[in-house]
Amino acid sequence: TQLLKQSPQFLSIQEGENLTVYCNSSSVFSSLQWYRQEPGEGPVLLVTVVTGGEVKKLKRLTFQFGDARKDSSLHITAAQPGDTGLYLCARGGSNYKLTFGKGTLLTVNP
Amino acid sequence: DARVTQTPRHKVTEMGQEVTMRCQPILGHNTVFWYRQTMMQGLELLAYFRNRAPLDDSGMPKDRFSAEMPDATLATLKIQPSEPRDSAVYFCASGLVSGFAQYFGPGTRLTVL
């Protein structure tokens, strides 16, 4: 059972374009995190959201947590080649365990 | 600049050999996690420790994998004997028990021939 579904699986865009990636579940999250993983490196935490409807911004990245806390989105404005990477969402569970989605692999072409 | 360190970064071995991967968590972090990442399965939790005590290793094949934390600065993941299906990138992450944020190391890329 895939607890977290991320879409799209792959995304290739041109520099300057906007994009949105999604993370969905059939059950409620207590908390949700977004990570970015660059080739050859470990994932790096971008943001944690805990409140339904919450919106957080990190420079050109906007994170939204759904009102029902079953979904989340990540929007990137004016994408740059440095945004290239694997974007992972992860839900918090008991004992601070995280369950990760399989990610969206983003390529931003110059 | 506190970071999680992992050694080795790359390991190529033959089927049946023992593999030991090491992790140094960020100083002061009291939870340590071991993950395995493959294209097919994504990032899977193998085991984790809190204050050096194993809390959950249900994601780990028990017959060949073992994880230990001999002290607060060292976590190890051992595979014996290794099999080709163990080929993957193994990540260690550390964090504080007070939150969900996890800080990942650069990973060990394991290839079992």
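The values are calculated or read from the model by the stated rules, or taken from the named source; none is laboratory data. Because the structure is a prediction, the values reported are computed rather than measured. With ideal geometry, Cβ positions are generated from the backbone for all residues, glycine too; neighbour counts draw on all protein chains shown. For the accessible areas, the whole protein counts, side chains as well, though only heavy atoms, and no ligand, DNA or RNA atoms are used. Shrake-Rupley method; radii C 1.70, N 1.55, O 1.52, S 1.80 Å.
Go through region A:1-16 and give me each residue that's open to solvent by less than 80 Å² (accessible area, probe 1.4 Å) and assigned to a loop (DSSP other than H, G, I, E, B).
A:4, A:8, A:16
When you look at residue B:58, is it in a loop (DSSP other than H, G, I, E, B) and hydroxyl-bearing (Ser, Thr, Tyr), yes or no?
Yes: the conditions hold for residue B:58.
Just to be sure I understand, how many residues within region B:27-36 are open to solvent by 20 Å² or more (accessible area, probe 1.4 Å) and out of contact with any Lys or Arg (no Cβ under 7 Å at 6 or more places or on another chain)?
Total satisfying the criteria: 4.
Out of B:97, B:112, I need the residue that is away from chain A (no Cβ under 14 Å) and β-branched (Val, Ile, Thr). Which one?
Criteria check complete, one pass: B:112.
Collect the residues in region B:62-72 that are open to solvent by 30 Å² or more (accessible area, probe 1.4 Å) and either touching a helix residue (DSSP H, G or I) at 6+ places or on another chain (Cβ under 8 Å) or in a loop (DSSP other than H, G, I, E, B) (or both), keeping them in residue-number order.
Within region B:62-72, B:62, B:63, B:72 meet the criteria.
Name the residue that is surrounded by the most Cβ atoms within 10 Å (Cβ to Cβ), counting only residues in region A:71-101 that are small (Gly, Ala, Ser) and in contact with a Pro (Cβ under 9 Å, 6 or more places away or on another chain).
Looking at the filtered set, the residue picked out is A:90.
Could you grab me the full set of residues in region B:37-61 that are surrounded by fewer than 18 Cβ atoms within 10 Å (Cβ to Cβ) and more than 11 Å from chain A (Cβ to nearest Cβ)?
Of everything in region B:37-61, those that are surrounded by fewer than 18 Cβ atoms within 10 Å (Cβ to Cβ) and more than 11 Å from chain A (Cβ to nearest Cβ) turn out to be B:51, B:52, B:53, B:54, B:57, B:61.
Does residue A:51 qualify as being under 28 Å from residue B:29 (Cα atoms) and among the hydroxyl-bearing types (Ser, Thr, Tyr)?
For residue A:51, the condition - under 28 Å from residue B:29 (Cα atoms) and among the hydroxyl-bearing types (Ser, Thr, Tyr) - is met.
Could you please find all residues in region A:82-110 being touching a residue at least 40 places away in the same chain (Cβ under 8 Å) and farther than 22 Å from residue A:11 by Cα?
Within region A:82-110, A:91, A:92, A:93, A:98, A:99 qualify.
Checking residue B:76 against (1) more than 22 Å from residue A:102 (Cβ to Cβ); (2) assigned to a loop (DSSP other than H, G, I, E, B), which single condition isn't satisfied?
(2)
Which of (1) at pLDDT 95 or above; (2) part of a strand (DSSP E or B); (3) within 14 Å of chain B (Cβ to nearest Cβ); (4) open to solvent by less than 40 Å² (accessible area, probe 1.4 Å) does residue A:36 not meet, given it meets every other one?
All conditions are met except number (4).
What residue, of A:28, A:21, A:44, is in contact with a Lys or Arg (Cβ under 7 Å, 6 or more places away or on another chain), surrounded by 11 or more Cβ atoms within 10 Å (Cβ to Cβ) and at pLDDT 95 or above?
Going through A:28, A:21, A:44 in turn, just one is in contact with a Lys or Arg (Cβ under 7 Å, 6 or more places away or on another chain), surrounded by 11 or more Cβ atoms within 10 Å (Cβ to Cβ) and at pLDDT 95 or above: A:44.
Determine whether residue A:77 is out of contact with any Cys (no Cβ under 9 Å at 6 or more places or on another chain) and either under 25 Å from residue B:3 (Cα atoms) or β-branched (Val, Ile, Thr) (or both).
yes
Among the residues of region A:73-96, which ones are out of contact with any helix residue (DSSP H, G or I) (no Cβ under 8 Å at 6 or more places or on another chain) and more than 14 Å from every other protein chain (Cβ to nearest Cβ)?
A:73, A:74, A:75, A:77, A:78, A:79, A:80, A:81, A:82, A:83, A:84
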